[in-house]
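Some notes on the structure that comes next.
The values are calculated or read from the model by the stated rules, or taken from the named source; none is laboratory data. Values in this document were obtained by computation on a predicted structure and should not be read as measured data. For neighbour counting, all protein chains shown are included, and Cβ atoms are generated from backbone atoms with ideal geometry for every residue, glycine included.
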Amino acid sequence: MIVVILVVAGLGAPAYFKNKNADVGQMVTVEKAVVKTITQLVTATGKVQPEIEVKISPEVAGEIIAIPVKEGETIKKGALLVKIKPDTYQAQLEQQEAALTSARASSVLGKAQLSKATQDFAQSEELHKKNLVSDADFTTAKTSLDVAQANFENYVAQIRRTEASLSQARDQLSKTTIYAPMDGSISSLSSQVGERVVAQSSFTGTEIMRVANLANMEVRVKVNENDIVNVKLGDKTVISIDAYPARKFVGAVYEISSSAQGVGGAGAGSNQSLNTDEVTNFLVKIRIADRDIPLRPGMSATIDIETHTVENVVAVPVQSVTVRAGGKTSEELQQAKAKEVREKSGNELDVANEKEEARRNKVKLDRVVFIKKGAVVELRKVETGIADNTSIEIKSGVKAGEEIVSGSYAAISRKLKDGAKVQLEKAKKEDEKK
């Protein structure tokens, strides 16, 4: 009999402690609503690049015979960069020069023939008027003049054609030597002496090197389509570069692409199908104001773009704001949905899903926070504004100094209800220390 009593008592103990713990309430952390200045940020990652970088590709094909510069070397505009073997182009130039000399000589001969034919026709015409020459002789003189005139015009046209070919050959020969188009540095050198290069004509030629102005650097980032609407030209930025973790650089947005990078960007008229799962981004360029530290192309950077600032507003921690539909937690909504699914099948389930989708579109999800009132919390609807990385603006619903539940995430998003009992985690830790 004694054993039975002990067993019963033992079975009752867990329930007793469970009820006791249940009366304590949900463990939470709280922070006071404060008045502060909030700056809305758009964060993106990208690479450091020169504002101006010129790709050096040859306009003529051939073998590289000289590259008198090295990667990283500082150069001036007009400095020699590359020499391509000129033998073929020199031969073409000499050939066109010879052709021009021949054409000019032919034109001299043609001019003489035209002069003689003109004199013969004039004499024949005068005699024909006096009936001293036959009509056939007069016609022959007229034909000879026309032929001489045509030959001379052809010689003149040949001179112009040969002069154009000579100019082209001279231009091709000059392009075997490439000079720096600007002051800067050799940021990339991808070819060596002895390599054969392809000319840049109807397709992309061989890239030999790149010349960049490393004094003016920028960061190029891709901003999501949902955030790009907030970004404006001139927005200030804070730049974190991985190579300088202890330094924050400042900059400003100076260029925003008009079209998206990726789906629907370039080639919008192509037959490529639209993949809605692919992220759509827009290229944004940020000019780096700091020039006291040398930066290298390709360095990784993280950008915080300051898109909007409000001053002296009530703010609470970002994690304190959650959404509720009709005051129910997301857990309760999921349980109700699961129950409904279990009770339906087949066509009924399809119809129910359609109705649920329509209802979800109509139901307004309220943004709420939980205010600590003594040992319980009060669920309160709020109107929010902009947010930074830690705080969110509260336009209405909360006053400065009120205690707002800031944790845990599970408590805020799923467990807490209006009027629920709570206990501060801080108090719990102090009790453990005692």
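Looking across region 229-242, the residues that are in contact (Cβ under 8 Å) with a residue 40 or more places away in the chain and in contact with an Asp or Glu (Cβ under 9 Å, 6 or more places away or on another chain) come down to Asp235, Lys236, Thr237, Val238, Ile239, Ser240. Do you know which of the residues in region 193-244 that are assigned to a loop (DSSP other than H, G, I, E, B), of a type in the set (D, E, K, R) and assigned by TED's automatic domain parsing to the domain that holds Arg296 is nearest to Pro297 (Cα to Cα)? Looking at residues that are assigned to a loop (DSSP other than H, G, I, E, B), of a type in the set (D, E, K, R) and assigned by TED's automatic domain parsing to the domain that holds Arg296, I get Asp242. Screening Thr176, Thr74, Thr88 for residues that are more than 26 Å from Val60 (Cβ to Cβ) and touching a residue at least 12 places away in the same chain (Cβ under 8 Å) leaves exactly one candidate, Thr74. Can you tell me which residues in region 96-145 are of a type outside the set (Lys, Arg) and not in a helix (DSSP H, G or I)? Scanning region 96-145 gives Asn131, Leu132, Val133, Ser134. Of the set (1) within 30 Å of Thr237 (Cα to Cα); (2) of a type outside the set (Gly, Ala, Ser); (3) at pLDDT 90 or above, all apply to Val405 but (1).
Table: residues versus (1) surrounded by fewer than 13 Cβ atoms within 10 Å (Cβ to Cβ); (2) among the charged types (D, E, K, R); (3) not assigned by TED's automatic domain parsing to the domain that holds Ala79.
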site: Ser106; (1), (2), (3): no, no, yes
site: Gln113; (1), (2), (3): no, no, yes
site: Ala117; (1), (2), (3): no, no, yes
site: Phe121; (1), (2), (3): no, no, yes
site: Phe138; (1), (2), (3): no, no, yes
site: Thr143; (1), (2), (3): yes, no, yes
site: Val156; (1), (2), (3): no, no, yes
site: Asp171; (1), (2), (3): no, yes, yes
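The condition of being free of Cβ contacts under 8 Å to residues at least 40 places away in the same chain and under 25 Å from Val253 (Cα atoms) holds for Asn226.
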